[in-house]
1. Need the failing condition index for B:Ala14 against (1) under 30 Å from A:Arg72 (Cα atoms); (2) modelled with pLDDT of 80 or more, just the number.
2. Being within 19 Å of the chain's Cα centre (by Cα), modelled with pLDDT of 90 or more and away from chain A (no Cβ under 14 Å): is that true of B:Thr113 here?
3. Could you check, for the stretch A:158-167, whether at least one of its residues is in contact (Cβ under 8 Å) with a residue 12 or more places away in the chain, of a type in the set (Phe, Trp, Tyr) and in a strand (DSSP E or B)?
4. With respect to A:Ala455, determine if the residue is in the same structural domain as A:Ile283 (by TED's automatic domain parsing) and free of Cβ contacts under 8 Å to residues at least 40 places away in the same chain.
5. Just for the stretch A:85-100: of the residues that are of a type outside the set (A, V, I, L, M) and crowded, with 22+ Cβ neighbours inside 10 Å, which one is farthest from the other protein chains (Cβ to nearest Cβ)?
6. I need the full set of residues from the stretch A:403-452 which are at pLDDT below 80 and of a type in the set (Lys, Arg), in order please.
7. Among B:Ala91, B:Ala70, which is among the small types (Gly, Ala, Ser), part of a helix (DSSP H, G or I) and surrounded by fewer than 20 Cβ atoms within 10 Å (Cβ to Cβ)?
8. Condition first: at positive phi and part of a strand (DSSP E or B). Now tell me which residues in the stretch A:13-38 satisfy that.
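The values are calculated or read from the model by the stated rules, or taken from the named source; none is laboratory data. Here the structure is a predicted model, which is why all the values come from computation and not from measurement. Please note: Cβ atoms are built from the backbone with ideal geometry, for glycine as well, and neighbour counts cover all protein chains shown.
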Amino acid sequence: MAQQQKTQYAIECRKITKMFGQVIANDEIDLNVKYGEILALLGENGSGKTTLMNMLSGIYHPDSGQIFIGGREVKINSPVDAMNLGIGMIHQHFKLVEAFRAMDNIVLGTKGKKEKSKTTSEKIKQISETYGLEIEPEKYVSDMSVSEKQTVEILKVLYKGAEILILDEPTAVLTPQETEKLFAILRKMREKGCAIIIITHKLQEVLAISDRVTILRKGKSIETVNTADCDARKLTELMVGRPVSLEIERPQMPETETILKIVDLSVNKPDGSKAIDDISFEIKRGEILGVAGVAGSGQKELCEAIAGLLPSQKGAILFQKENLLGKTPSEIIEKGVSMSFVPEDRLGMGLVASMGMTDNMLLKSYQKGKGPFVNRKPAKDLAEKLIGKLGIVTPGTETPVRLLSGGNVQKVLLGREIEASPTVLITAYPVRGLDINSSYTVYDLLNEQKKKNVAVMYIGEDLDVLLELSDRIMVLCHGRITGIVDARSTTKEEIGMMMTGENNMIDTGKEAL
Amino acid sequence: MSNSTENVQNEPFARVIKRAELSAGKTTLLRLSAVLLSLIAGGVFIACVGQNPFVIYGTILSGAFRSMMAFQGTIKLMIPLLISSLGVTLAFKMKFWNIGAEGQIIFGATCATFFALFCSGMNHVLLIIVMFLAGFIGGGLWGLIPAIFKVKYGTNETLFTLMLNYIALHIVSYLRDGPWMDPESQGFPKIARFDKNASLDKLCGIQFGWLIALILVIFVFVYLKFCKQGYEISVVGESQDTARYAGMNVKKIVLRTMFLSGGICGMAGMIQATGSDITLTTSVAGGVGFTAIIVAWLAQLNPFSILIVSFLFSVLEKGSSVVQSNFGLSTDCADVLQGIILFFILGCEFFVRYRFVFRNKVPKFNKKEMEG
């Protein structure tokens with residue numbers, strides 16, 4: 001790279017605006033990154049981070065504003081344009097061909113004749129050494145771990161000559177240890193003169209990796225600060241717009257009876273592969289059992305098995321000594337096991353996106369009452385009650401819930417489940433995609449249930465939250481339980497090790513001490 | 001980096017962007033202008049084939065309404081179209097792509113015909129009721145078959161229902177040429193005209209199928225909007241996962257709804273055969289099953305809109321048959337007109353949700369649109 005380029009910005013965005021229908025996703029955003037710098041893009045969900053980055057990588061087109069790359073104004077019309085300009089984006093969800101080897105994925109989409117695989121392999125090795133990446137070019141993607149796949153994604157863009165890297169929430173799928181490794185690679189790239197933009201909403205990571213932070217709030221660029229002059233509190237304040245308390249309450253409940261007991265449970269995925277492998281645990285009344293694990297370790301299948309949606313291969317699910325296995329979902333609902341399972345997109349399973357709140361309240365109770373007709377009155381009353389009680393912002397009870405914001409959708413879902421006065425409440429990623437405020441409302445709601453002696457199972461992503469909120473934490477890894485620990489005395493590192501299934505090593509280590 | 005110089009490009013000439021959600025009034029205005037535009041485009045087409053568009057349009061209207069008999073003819077065309085549109089609506093609401101209304105109409109008519117031909121001595125009221133049931137169950141079974149395979153083996157319902165259309169059609173051909181051939185037709189393959197006892201009574205000069213159709217409009221509306229089963233259909237249509245999560249038996253709902261959907265179409269067939277044709281022919285459905293799909297979607301699956309849309313379609317069809325006899329313009333021209341109208345109306349849905357932005361025109365008016 002030419003020396004004089006280092007002095008100017010790698011990317012400079014001036015007054016970028018992008019609208020989707022009525023929603024302003026980006027409102028005159030300014031952003032710049034130098035070569036040899038890591039910029040963190042911080043903002044709550046819905047603040048426009050991903051939209052902005054998608055414009056830089058040619059997926060969307062800005063409605064107005066200018067983009068400069070290396071000092072020259074450019075129009076980026078397609079991902080190919082972006083690639084030619086040296087911009088490489090690493091998406092949150094990997095875009096790899098599973099049936100291909102790493103190297104095939106890496107050369108995919110490059111122009112020119114297909115090289116001999118040996119030459120390609122050499123090239124890849126050379127790049128890997130430069131940046132300290134570890135990779136086996138011959139390995140098939142389907143055999144790779146999540147962090148290996150991410151390495152392939154990074155190599156893919158480096159191979160095509162990208163000098164500007166954009167990473168969209170790269171750490172969401174990684175364990176703490178893997179994250180550290182990724183950061184080491186990013187630092188190496190920075191040394192080599194790459195410009196890196198990393199999107200995240202985890203404050204600790206921003207502080208650990210970035211040189212500067214640009215904060216977005218509601219589609220506007222609020223401020224750009226030097227990371228060195230900042231701490232988590234200040235960043236949160238900038239992100240939310242006012243001071244926020246970051247403490248989560250953890251009420252202590254007296255020891256009570258076990259309500260749900262899982263014994264030697266094995267569950268297969270619909271495709272026949274093993275999702276849950278011979279696990280046993282129990283949940284007590286008045287406790288929050290946190291479930292940690294890398295995404296896809298069997299959390300989803302565990303939830304579905306308990307709710308009766310997925311058949312189990314062996315074992316038992318005992319609810320007050322009665323086996324729930326083989327019962328239909330409606331029979332399980334009647335017993336008071338409420339599952340507010342929220343998959344990747346909130347509206348996937350718990351709510352009907354095109355219906356209003358009233359009809360969504362009906363979802364689990366419409367069978368009640370005699371006759372062929374649906375009685376909407378109680379549902380409407382319930383909807384109105386929830387709007388008042390939880391502060392749900394909606395134009396009315398008949399507005400389709402897909403038009404509500406993420407936090408409000410989550411409140412609708414959780415509110416309905418709680419109103420059914422469950423004895424067991426299973427929540428999966430209830431704060432995914434929520435802003436900080438809504439997240440805290442959700443934690444409060446869960447704690448309220450705990451105080452009412454409800455057994456709560458909380459499947460979470462953010463280890464910091466799990467550590468603060470749960471009474472006990474169960475760690476899943478490849479469908480097995482790698483440990484159940486007291487949340488009050490464990491550490492993030494310990495859980496991280498369990499998430500990769502390496503806890504046996506810790507145990508032996510402890511014994512040696 | 002070096003090749004980036006050549007890659008600095010202009011913006012594309014036009015881009016599509018999502019627009020703010022339009023108000024109901026504006027949407028209606030947009031749709032009305034689409035209808036107007038389609039009439040103009042249709043007029044251009046008529047002018048191209050050497051006719052005066054105003055005269056032709058006038059004839060279509062007067063052809064459908066000029067006399068009591070003409071109006072009755074229009075309604076007669078409308079009855080099977082309306083009923084089968086209601087039938088497919090049930091399936092579509094569940095996002096089950098039932099394009100087999102044609103076959104369900106035919107098979108329903110066939111089952112009813114069995115009783116018309118071989119039990120014509122029965123008490124009249126009883127016979128009519130039995131034939132209605134036969135039509136309903138016949139059509140329902142024809143709808144149930146693809147549903148069973150879909151639920152059990154995950155087969156593609158679009159292909160399956162489509163193929164069943166041809167099977168139903170050829171069953172009728174077989175019956176016409178063989179077991180059910182009219183013995184008095186001297187070898188000419190046709191099915192005997194039904195006994196008077198086995199044909200539908202008239203009400204206000206038209207077979208009373210129109211009353212059944214109107215009752216069905218209200219039934220389907222209430223069923224979808226206020227019944228538990230209707231609620232289940234909407235949830236299953238939106239997301240099967242959600243339905244399972246709410247404790248619904250998705251398979252049962254799919255089977256039940258398809259039986260009902262096919263059954264209603266089967267009744268359309270029975271009414272057409274016993275009320276209008278007074279016999280069973282291979283053209284008992286005559287494409288109505290396919291037009292019904294268009295009607296249902298144009299009406300956005302709302303039973304009352306279906307009533308209006310199917311009426312308008314029947315006016316067009318009746319009117320253009322008059323145009324054919326008066327001006328010698330083939331009914332194919334009516335199909336072209338129908339196509340043009342559909343093209344504009346369906347095309348306008350795109351503009352309800354999106355609009356174009358042209359190069360060098362920064363959409364500043366965007367913000368105004370929002371504030372307004």
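1. It fails just one condition, (2).
2. no
3. No, there is no match, as no residue in the stretch A:158-167 is in contact (Cβ under 8 Å) with a residue 12 or more places away in the chain, of a type in the set (Phe, Trp, Tyr) and in a strand (DSSP E or B).
4. For A:Ala455, the condition - in the same structural domain as A:Ile283 (by TED's automatic domain parsing) and free of Cβ contacts under 8 Å to residues at least 40 places away in the same chain - is not met.
5. A:Gly88
6. Passing the criteria: only A:Arg432.
7. Answer to the check: B:Ala70.
8. Answer for the stretch A:13-38, where residues must be at positive phi and part of a strand (DSSP E or B): A:Lys15, A:Gly21, A:Glu28.
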